[in-house]
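J.: This is the structure I want to talk about, given as structure tokens.
The values are calculated or read from the model by the stated rules, or taken from the named source; none is laboratory data. Everything numeric in this text was worked out from a predicted model, so none of it was measured. Here Cβ is always computed from backbone atoms with ideal geometry, including for glycine, and neighbour counts include all displayed protein chains.
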Amino acid sequence: MPANLLDEPEVEIGSKPFTWTLNFGPQHPATHTTLRLILELDGERIVRAIPDIGYLHSGFEKLGEHLNFNQYVTIVDRKNYISPPMNEVAWHHAVEKLLDIELTPRCQYIRVIIGELARISDHLLCTGAAALDLGAFTAFLFAFNLRELIYDVYEEMSGYRFHPGFTRVGGVLYDFNDRVLQRIRRVMESFPQVYSDMEKLLFRNRIFLDRLRGVGVLTKEAAISLSCTGPIARASGVTYDLRKDEPYLVYPEFNFDVPYMTEGDSFARFFVRMEEMRQSHLILSQALAKLPTGPVNVPIAEKFPLPDKGTVYNSMEGLIQHFELIMPNRGFESPKNEVYAAIESPNGELGYYLVADGSQTAWRTRTRPPSFIHFQVFPHIIKDHLIADVVAILGSLNIIAAELDR
Amino acid sequence: MSTATNQATDPHAATLATLARVFGDGVFGMSHFRDNLRLFLPPSRLIEVLTVLRDECRFALLAELGATDYLGYPGWTRARFEVHYVLLNLDTAERLVIKTGVDDPKPELPSAVPLWLGADWMEREVFDMYGITFTGHPDLRRILMPDEFTAFPLRKDYPLRGRGERHNFPRLTREES
């Protein structure tokens, strides 16, 4: 919480010439990933915080100019590695907008399902790790237990546990089979119990609440000026949600609410995320009930999707199509144009500014990374707080360093 | 009647009307692709127009700021670099892409930080990756690359695997530390 200067009645603000500097990170258990803060302190009060980022910079955007639209999905997975399927949905959403591909209904439902599973997974990590950093270890274990079940879904649907690489231009890698749906149902059945466990452990945890309430307040005006989106903006009273306001995929078909709060403190950000998990659970149950049958990829006659192996080995059209897409200098053509497309990721607006030069490889893949944009909020809201609050605020912002640095 | 139907079909009608009222009709280049409306501005009028868009057209949120290097792009005739600003109106969910071009050898643009604080790091990233300087930026330093780095890695004339900088970074030995 903000330092109360009345505790030192003799001292006028700004009259102390001596401040000291503390280096926080790049390796610190509470940053969870690699980021560094240089804190200028007056006693224990933070006068100034200078974030120093870039430790994980790996040139993902440069790689996007050398890998084709299908290959790059493995790289977007590694941006926000807490919710990889959401990154994939965002990437191919932009590509399909560029190429003007209308997905099949089943594929749109599948993308909603993997996206919302990823959202639950991301929020579980964020709320669980925030609790862990503030000393509530048990809630973290409950959250991670459920995340394991979500990883089981990824494994069953794609064969990869951590970075599924599941979407493709015009469809997905494999259709959902019964075993995948069974795994998803297991997540759905376990979720209410995990949520209520976390609720019991955290919502009345005096230490946890005292360390979050009134800490790191971000006003609505500041949130808008600092380009905040997603749960962080919604905790400050901005009710914008791309799923409602600029609907994509089949989100208009679902009933769900957009939770928001007006306090703008770390507790509000935590609470909005908890509530969003319940809304995602609601969306998932509707999507599973309504999941349509039919083809999952757009027809191979449209020359966009890679045909599945059965078609490649057993039909002439499939074999030709496969070679057309895999051979260099063949395949589909992209328009010589550029497009910005965004979706609502767990952290906020995840967009791609995509410039195409006519080939199957993008000319420019600019990511709009929510973590990067939200981390610049940190020096503004940490001012006049104590060192211990650094951890509370960092946890509530959910900074994923791989996405921050790309 | 006709204006009402226009507004219903074209989400950008009100914005374009305001721009035409303030700056005159058809002053800025425009192009449409899918649901994106792009407006091309000369750098000299950038801040002026962005201010009007923010204050009068209620584009409160700067959703995204980035740059592209078009060196070697097939059939390219405009300036080498283009910086894009994606603005979002939180009330009507209207989006507008503003594009402005800057050319070698000294690419320079006015900073948008006085309008949106959120432009701070995004402009630093553009500077870091493309070497485009933003005049009036409060703290224009490299953000992702180390300070010793001299090249601009997202430029098209910079190779994917680098120029061996990684092996030539200054090293701190145990004796010096």
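J.: If you go through region A:80-128, how many residues are of a type in the set (A, V, I, L, M) and in contact with a Pro (Cβ under 8 Å, 6 or more places away or on another chain)?
T.: Result for region A:80-128: 7.
J.: Here are A:ARG269, A:ARG243: which of them is in the same structural domain as A:PHE378 (by TED's automatic domain parsing), farther than 25 Å from A:LYS97 by Cβ and of a type in the set (Lys, Arg)?
T.: Of the residues listed, the single one that is in the same structural domain as A:PHE378 (by TED's automatic domain parsing), farther than 25 Å from A:LYS97 by Cβ and of a type in the set (Lys, Arg) is A:ARG269.
J.: State which residue is farthest from the other protein chains (Cβ to nearest Cβ) when the search covers only region A:218-238 and only residues that are buried (at least 21 other Cβ atoms within 10 Å of the Cβ), in a helix (DSSP H, G or I) and hydrophobic (A, V, I, L, M, F, W, C).
T.: Looking at residues that are buried (at least 21 other Cβ atoms within 10 Å of the Cβ), in a helix (DSSP H, G or I) and hydrophobic (A, V, I, L, M, F, W, C), I get A:ILE232.
J.: For region A:54-99, give me the residue count where each residue is of a type in the set (Ser, Thr, Tyr) and either under 24 Å from A:SER158 (Cα atoms) or surrounded by 22 or more Cβ atoms within 10 Å (Cβ to Cβ) (or both).
T.: The total comes to 4.
J.: Residue under question is A:ASP389, and the condition is that it be more than 10 Å from every other protein chain (Cβ to nearest Cβ), of a type in the set (D, E, K, R) and farther than 23 Å from A:ASN80 by Cα; does it hold?
T.: Yes; evaluated as a whole, the condition is true for this residue.
J.: Kindly indicate whether A:TYR353 is closer than 30 Å to B:ASP120 by Cβ and of a type in the set (Ser, Thr, Tyr).
T.: Yes, satisfied.
J.: Could you tell me whether region B:129-139 includes any residue that is in contact with a helix residue (DSSP H, G or I) (Cβ under 6 Å, 6 or more places away or on another chain), surrounded by fewer than 18 Cβ atoms within 10 Å (Cβ to Cβ) and facing chain A (nearest Cβ under 10 Å)?
T.: Within region B:129-139 (the criterion being in contact with a helix residue (DSSP H, G or I) (Cβ under 6 Å, 6 or more places away or on another chain), surrounded by fewer than 18 Cβ atoms within 10 Å (Cβ to Cβ) and facing chain A (nearest Cβ under 10 Å)), the answer is no, since none of the residues qualifies.
J.: Would you pick out the residues in region A:191-217 that are surrounded by fewer than 16 Cβ atoms within 10 Å (Cβ to Cβ) and part of a helix (DSSP H, G or I)?
T.: Within region A:191-217, A:PRO192, A:GLN193, A:SER196, A:GLU199, A:LYS200, A:ARG206, A:ILE207, A:LEU209, A:ASP210 meet the criteria.
J.: Another question about this same structure. Please list, ordered by residue number, the strands (runs of 3 or more DSSP E) wholly in region B:87-168 having 1 or more residues that are aliphatic (A, V, I, L, M).
T.: Where strands (runs of 3 or more DSSP E) fall fully within region B:87-168 and carry at least 1 residues being aliphatic (A, V, I, L, M), they are B:95-102, B:108-110.
J.: Hey, another quick one. Of the residues that sit in region A:344-361 and are small (Gly, Ala, Ser) and more than 7 Å from chain B (Cβ to nearest Cβ), which one is surrounded by the fewest Cβ atoms within 10 Å (Cβ to Cβ)?
T.: A:SER359
J.: Looking at this structure, is A:LEU394 assigned by TED's automatic domain parsing to the domain that holds A:TYR81 and closer than 16 Å to A:ALA130 by Cβ?
T.: So A:LEU394 fits the description; yes.
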